[in-house]
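This report refers to the structure that appears directly beneath it.
All of the numbers you see were taken from the coordinates with simple rules; none came from a lab. All figures in this text were calculated on a predicted structure; none of them were measured in a lab. Quick reminder, even Gly has a Cβ in these numbers, built from the backbone with ideal geometry, and neighbours come from all protein chains shown.
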Amino acid sequence: MNNTIWGIDLGGTKIEGVVLDSNDNSVISRTRLATEAHQGYEHVLQRIKLLIDQIAHDVGHHPIRLGIGTPGAIDPHTHLLKNCNSTALNKKPFKKDLEQVLGIPIEMANDANCFALAEARMGIVQDINPKAKVVFGVIMGTGVGGGVVVNGQIINGNQGIAGEWGHNFLDDSGGQCYCGKIGCVERIISGPSLQRYYHEISGEQLALKEIMQLYQENNDYAKKTVERLIHFFGLGISSIINILDPEIIVIGGGVGNINLLYTKGVEEAAKYTFNTRFDTKIVKPKLGDSAGVFGAAFLVA
């Protein structure tokens, strides 16, 4: 059926699939399965096929093409998956192999790009400024990632790394990142990095929610941790604004739930932005954890 669009969001622990009505983007079917990535690469391919078969049974037909969001990115030159936290998928011709398993063409993008695309096409951007030409989607959670959408289309870039601001240099104090570089954005303002900083200065190991509660109680260590987040968020995001100048930046992920980012964080970003005014809208997402799978579907819309 040509009036449906299908998307898959491949995560480290779950695979989610959705079928949308292409006329109004309403959900026709939505299903999840455990990824079971520990059982290896071939098993993950078969889990995706199983999910597609289950959804097809539900809606009465198989897809003619499929969009899929991945935890990594396809290298445009080698056509291999890279930068994926589900390491069994790295250095594999994932797109080609999955097309062979399913027998249909596939469009693929990383999860941050899919998040940005969904929020631009049917999320918060449509509420604030549906005519926005440039949207930057941020994931701030266990890691820090980003996606660029221009005129409703994902920008992947020459190396498949467009939007990856999480691995820009920010400050030496972040220490060594898993990517091999020093002081990456991700090593400073991701959830685990903020928790690590709090532990270093206080001697206590706490979850980010607990640190935020202590901040409300004027705990000195919590205040230093939050001040670190605000300062480096503003500094880091200003580089994105100076280069892309997006109308809207949407912040997803657990760290993105911290309300101070949208007040003090914006004030901090304005200090480093190359403009006398700060016109960029920095907002929370609308679609929650639905964004990734919706964005995957829009890859073939």
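Here the spin labels are modelled as points 7 Å beyond Cα on the Cα-Cβ line, and at residue 263 and residue 97 they lie 4.9 nm apart. Take 10-16, 250-256 and order them by the average number of nearby Cβ atoms within 10 Å per residue, most first; the result is 250-256, 10-16.
Between the Cα long axis of helix 191-202 and the first principal axis of the chain there is an angle of about 30°, rounded to the nearest 10.
In terms of the Cα gyration tensor, with a ≥ b ≥ c the square roots of its eigenvalues, is the stretch 1-159 rounded because a/c is under 1.5, prolate because a/b exceeds b/c, or oblate? In terms of gyration-tensor shape, oblate. Taking other residues whose beta carbon is less than 14 angstrom from the beta carbon of residue 75, and scoring Lys, Arg as +1 and Asp, Glu as -1, yields +4. Peptides 165-177, 59-71 ranked from most to least packed, by the mean per-residue count of other Cβ atoms within 10 Å: 59-71, 165-177. For mean projected area of the Cα convex hull in nm², the value calculated from this model appears in (i) 15.1; (ii) 15.9; (iii) 19.3 under label (ii). Taking the Cβ of residue 127 as the centre, find all other residues whose Cβ is under 15 Å away and add up their charges (Lys, Arg: +1; Asp, Glu: -1). Computed value for this residue: +3. Spin-label model, residue 87/residue 155: points 7 Å from Cα along the beta carbon direction are separated by 3.3 nm.
Lysine pair count for the stretch 130-285 (Cα-Cα distance under 16 Å; residues 8 or more apart in sequence or on different chains): 9.
The Cβ shell under 15 Å around residue 161 holds other residues with a net charge of -2, Lys and Arg each +1, Asp and Glu each -1. With the convex hull of the Cα atoms taken as the outline of the stretch 130-285, the averaged projected area works out to 9.4 nm².
What separates the Cα centres of the stretch 263-295 and the stretch 4-68 is a distance of 30 Å. Only helices enter this figure: runs of n ≥ 4 DSSP H residues, each worth -39500 (n - 2.57), summed and divided by the residues of the chain, yield -11000 deg cm²/dmol at 222 nm to the nearest 500. Counting only residues at least eight positions apart within a chain, or on another chain, the lysines with an alpha carbon under 16 Å from that of residue 95 are 49, 82.
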